[in-house]
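Enquirer: For reference, the structure I am asking about is given below.
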Amino acid sequence: MRKFRYKLGQFFQQLWEQTWLSEIVGFLSVGVVSIWEFLRKLRLKK
């Protein structure tokens, strides 16, 4: 069972490194932060 878990972890690690999944997550977090800042500035202007 432990070996299976380790294999699964390795598989996901490779998947994470090879795909655009990490890039999408990074892009989304940056987007959320910039939208948040934008909304805050709008509120400050009002």
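Enquirer: Only residues that are in a helix (DSSP H, G or I), aromatic (Phe, Trp, Tyr) and at pLDDT below 90: list them for the stretch 5-46, please.
Expert: Phe11, Phe12, Trp16
Enquirer: Kindly indicate which of Leu39, Leu28, Leu15, Leu8 is on the phi < 0 side of the Ramachandran plot, surrounded by 10 or more Cβ atoms within 10 Å (Cβ to Cβ) and under 12 Å from the mean Cα position of the chain (by Cα).
Expert: Leu28
The values are calculated or read from the model by the stated rules, or taken from the named source; none is laboratory data. For clarity, every value in this text was computed on a predicted model and none was experimentally measured. Note that we place each Cβ from the backbone using ideal geometry, even for glycine, and neighbour counts take in every protein chain shown.
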